[in-house]
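The values are calculated or read from the model by the stated rules, or taken from the named source; none is laboratory data. From a predicted model like this one, the values you see are computed outputs, not experimental measurements. Methodologically, a virtual Cβ is constructed for each residue, glycine included, from the backbone with ideal geometry; neighbour enumeration extends over all protein chains shown.
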Amino acid sequence: MRVIVCDDDAVVVSSLAIVLGAQPDIEVAGTASSGEEAVRLAAELAPDIVLLDIQMPGTDGLTAAERILAVPNPPRVVFLTTFSDDEYIVRALALGAAGYLIKQDVAGVAPALRAVAAGQSVLEGEVLERAVSLKATTPGKPDMGSLFPQLTEREREVVALIAEGLDNREVADAAYMGEGTVRNHISSILAKLHLRNRTQIAIAYWRALR
């Protein structure tokens, strides 16, 4: 597989290029230090996978990914970041990213890229065979009743909107309810699903689609 590595930290790029380049089935087709450069290289080199840092000055990884994935037959995008539990995960999944990996686990990057190349998705190193891709390939909406039978219909609606990357105000607008009501639903969802925050709600949604 041909991979582009993009990170604004030159040490990270160099390390990943060495680790990945040593793999017999991985070719580092190019490296970039900004989202803008990653977009250009993706168009020029037609890689199989673009490995992107999320937080970069200028064009960040999420913006770059959106542009890379907007073209016909795009490469798969895998995010590599320091942050394991924040809103970036939600936005990355909603964009259609094939993976979200943590920088500290460099040894797990190559196996994760192999899983992505095989058509699977990975989240923090865990293979999710259908979670992210199902959103784009399955017509209509998933049966939320079967995914989360313990939730009310309105709570399931809130879960799906959070999984799309919407904040509380946007959820309120989309679902025609007040922000206070949204917060109440989220509190109930967290209690019923034994979760800590809204990011984990989104992750639970994608994992439930497996």
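When the range 161-208 is limited to residues that are within 19 Å of residue 98 (Cα to Cα) and of a type in the set (Ser, Thr, Tyr), the one that is surrounded by the most Cβ atoms within 10 Å (Cβ to Cβ) turns out to be 205. With respect to the conditions (1) modelled with pLDDT of 75 or more; (2) surrounded by fewer than 20 Cβ atoms within 10 Å (Cβ to Cβ); (3) not in a helix (DSSP H, G or I), residue 130 lacks only one, and its number is (1).
Yes/no per residue for (1) within 21 Å of residue 88 (Cβ to Cβ); (2) more than 15 Å from the chain's Cα centre (by Cα); (3) modelled with pLDDT under 90:
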| position | (1), (2), (3) |
| --- | --- |
| 104 | yes, yes, yes |
| 107 | no, yes, yes |
| 152 | no, yes, no |
| 156 | no, yes, no |
| 160 | yes, yes, yes |
| 180 | no, yes, no |
| 196 | yes, yes, yes |
| 200 | yes, no, yes |
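Evaluated against (1) among the polar types (S, T, N, Q); (2) at pLDDT 85 or above; (3) in contact with a Leu (Cβ under 8 Å, 6 or more places away or on another chain), residue 73 falls short on exactly one condition, (3). Taking the criterion of being part of a loop (DSSP other than H, G, I, E, B) and touching an Asp or Glu at 6+ places or on another chain (Cβ under 8 Å), the residues of the range 181-210 that qualify are 197, 210.
What helices (runs of 4 or more DSSP H) lie completely within the range 1-80 and have 3 or more residues being more than 14 Å from the chain's Cα centre (by Cα) and touching a residue at least 12 places away in the same chain (Cβ under 8 Å)? Before you say what the answer is, go through the steps one by one.
On the way: elements: 10-21, 35-45, 61-68.
Here the list reads 10-21, 35-45.
A count restricted to the range 159-171 and to residues that are in contact with a Leu (Cβ under 9 Å, 6 or more places away or on another chain) and without any contact (Cβ under 8 Å) to a residue 40 or more places away in the chain stands at 2. When the range 2-50 is filtered for residues that are of a type in the set (S, T, N, Q) and loosely packed, with under 15 Cβ neighbours inside 10 Å, only 14 remains.
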